[in-house]
Amino acid sequence: VFEYLTFTYGCSGFELGKELAKMHKHTSLDKTFGFTINNTIGSTPQPNTPRMDNWADFWDIHRLGHMLDLTQNVGGMSESRMEELRVKTKEILSEHDPPPSLLHGDLWGGNKGCCCCFDSAEEEEEEEVENENDDNKNAKKKNHKKINVIFDPATYYGDREADIALTYLFG
């Protein structure tokens with residue numbers, strides 16, 4: 001897909017936020033958390049099945065519990081300390097009842113971009129522009145509509161705040 005995108009700069013972060021909010025309004029039809037298939041976040045396996053009825057259980061089993069299992073206790077955290085962390089996290093999340101929103105799942109600065117948007121007539125013009133020098137190409141491209149794009153998703157239905165948290169954590 002990337003070979004068909006023309007990346008540029010100058011998209012609005014505000015517009016990206018509005019578009020992300022629209023995506024988050026799409027909720028799971030069966031009101032469950034997870035997804036129909038497991039996927040990956042980067043190269044790390046990400047379990048999404050079985051789907052769960054509440055956010056606290058989903059996060060405990062498919063996110064926090066799964067990640068703690070993957071560490072194989074490399075950090076030296078005792079089993080009792082890991083269990084304590086899981087119990088406390090589940091207790092906090094149990095007070096929160098978000099709708100299961102469609103999430104990107106791996107939303108950070110490296111998985112978003114700004115692209116030029118072309119219609120079919122503009123694509124033909126773009127082919128002609130390819131034969132011009134770089135200054136002319138860039139000048140003509142500046143007149144095209146710019147749109148935000150997000151890519152490399154680790155999609156699932158979850159709390160929309162999880163997408164926002166990743167942007168704070170990783171930029």
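The values are calculated or read from the model by the stated rules, or taken from the named source; none is laboratory data. Everything numeric in this text was worked out from a predicted model, so none of it was measured. Using ideal geometry, Cβ is built from the backbone for each residue, glycine included, and neighbour counts are taken over all protein chains shown. Ligands, DNA and RNA are stripped out before the accessible areas are found, and what is left, the full protein with its side chains, is counted by its heavy atoms. Shrake-Rupley method; radii C 1.70, N 1.55, O 1.52, S 1.80 Å.
Residues in segment 19-42 that are at pLDDT below 95 and either open to solvent by 90 Å² or more (accessible area, probe 1.4 Å) or over 15 Å from the mean Cα position of the chain (by Cα) (or both): how many?
0
Take residue 103 and decide whether it is in contact (Cβ under 8 Å) with a residue 40 or more places away in the chain and within 17 Å of residue 40 (Cα to Cα).
Yes: the conditions hold for residue 103.
Do we find a residue being at pLDDT below 85 and not acidic (Asp, Glu) anywhere in segment 96-112?
Within segment 96-112 (the criterion being at pLDDT below 85 and not acidic (Asp, Glu)), the answer is no, since none of the residues qualifies.
Would you confirm whether or not segment 72-90 contains a residue that is assigned to a loop (DSSP other than H, G, I, E, B), open to solvent by less than 70 Å² (accessible area, probe 1.4 Å) and within 12 Å of residue 158 (Cβ to Cβ)?
The answer is no, given that none of the residues of segment 72-90 is assigned to a loop (DSSP other than H, G, I, E, B), open to solvent by less than 70 Å² (accessible area, probe 1.4 Å) and within 12 Å of residue 158 (Cβ to Cβ).
Hey, could you check segment 133-165 for residues that are among the aliphatic types (A, V, I, L, M) and open to solvent by less than 30 Å² (accessible area, probe 1.4 Å) and say which is modelled with the lowest pLDDT?
Among residues in segment 133-165 that are among the aliphatic types (A, V, I, L, M) and open to solvent by less than 30 Å² (accessible area, probe 1.4 Å), the one modelled with the lowest pLDDT is 149.
Answer yes if at least one residue in segment 46-53 is under 30 Å from residue 144 (Cβ atoms) and either in contact (Cβ under 8 Å) with a residue 24 or more places away in the chain or surrounded by 14 or more Cβ atoms within 10 Å (Cβ to Cβ) (or both), and no otherwise.
If we filter segment 46-53 for residues that are under 30 Å from residue 144 (Cβ atoms), which is where we start, we get none.
Scanning segment 46-53 turns up no residue that is under 30 Å from residue 144 (Cβ atoms) and either in contact (Cβ under 8 Å) with a residue 24 or more places away in the chain or surrounded by 14 or more Cβ atoms within 10 Å (Cβ to Cβ) (or both).
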